[in-house]
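A short worksheet on the structure shown next.
The values are calculated or read from the model by the stated rules, or taken from the named source; none is laboratory data. Predicted model, so just to flag it, every value in this text is computed and none were measured. Every residue, glycine as well, gets a Cβ built from its backbone with ideal geometry; the counts of neighbours run over all protein chains shown. Only protein heavy atoms, including side chains, enter the accessible area calculation; ligands, DNA and RNA are left aside. Shrake-Rupley method; radii C 1.70, N 1.55, O 1.52, S 1.80 Å.
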Amino acid sequence: MPDFMNMALREAEQASARGEVPVGAVLVAAGNRVIAQVGNRVEEWRDPTAHAEMLAIREGAKATGLGRLTDCDLYVTLEPCAMCAAAISFARLRRVYYAAYDPKGGGVDHGARFFTQPTCHHAPEVVSGMEEHKAAQLLKEFFSARR
């Protein structure tokens, strides 16, 4: 079975090399078929919604022709923010696997805790902490270099 989180980490490394916050995401459909593999593009595109998760969902919808990706799993290197958690819910993703926790900006296990809200229409299964150290180290190095 492919190591989807390490694929997402490679996308995060590439994002960092472009000057983006190092977050990568991989969207996987049934049969372990990768349908999107992306990193943040916020700075490059001057688009505050160009988070890796949002881009993966957009690519997945385009690739499948579906607005609901019910058989898809998302692997992402950082806990999704509230915006991305909402998009994950609206896309009806089956599972979300994330690496590093984000106590400041996270929207899954921190902050808004979007999937636990009564207004959330769909809550995916969430698995956290996969390759947490690698993802956290990437982020730490990125921000240390800018201070």
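The table for this structure:
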| quantity | calculated |
| --- | --- |
| Residue within segment 73-84 that is open to solvent by less than 30 Å² (accessible area, probe 1.4 Å), in contact (Cβ under 8 Å) with a residue 60 or more places away in the chain, aromatic (Phe, Trp, Tyr) and in a helix (DSSP H, G or I) present | no |
| Criterion violated by residue 90 - all others in (1) hydrophobic (A, V, I, L, M, F, W, C); (2) more than 19 Å from residue 15 (Cα to Cα); (3) open to solvent by less than 30 Å² (accessible area, probe 1.4 Å) satisfied | (3) |
| Any hit, segment 47-70, residues being at positive phi and modelled with pLDDT of 95 or more | yes |
| Leading residue by the ranking (surrounded by the most Cβ atoms within 10 Å (Cβ to Cβ)) among those in segment 47-57 that are without any contact (Cβ under 8 Å) to a residue 12 or more places away in the chain and under 15 Å from the mean Cα position of the chain (by Cα) | 50 |
| Among (1) outside any helix (DSSP H, G or I); (2) without any contact (Cβ under 8 Å) to a residue 60 or more places away in the chain - the single one residue 99 does not satisfy | (2) |
| Counted residues, segment 20-46 - those being assigned to a loop (DSSP other than H, G, I, E, B) and surrounded by 13 or more Cβ atoms within 10 Å (Cβ to Cβ) | 6 |
| Test: residue in segment 102-125 that is of a type in the set (Ser, Thr, Tyr) and closer than 23 Å to residue 13 by Cβ | no |
| Residue list for segment 113-122, filter: part of a loop (DSSP other than H, G, I, E, B) and either within 19 Å of residue 97 (Cβ to Cβ) or open to solvent by less than 50 Å² (accessible area, probe 1.4 Å) (or both) | 113, 120, 122 |
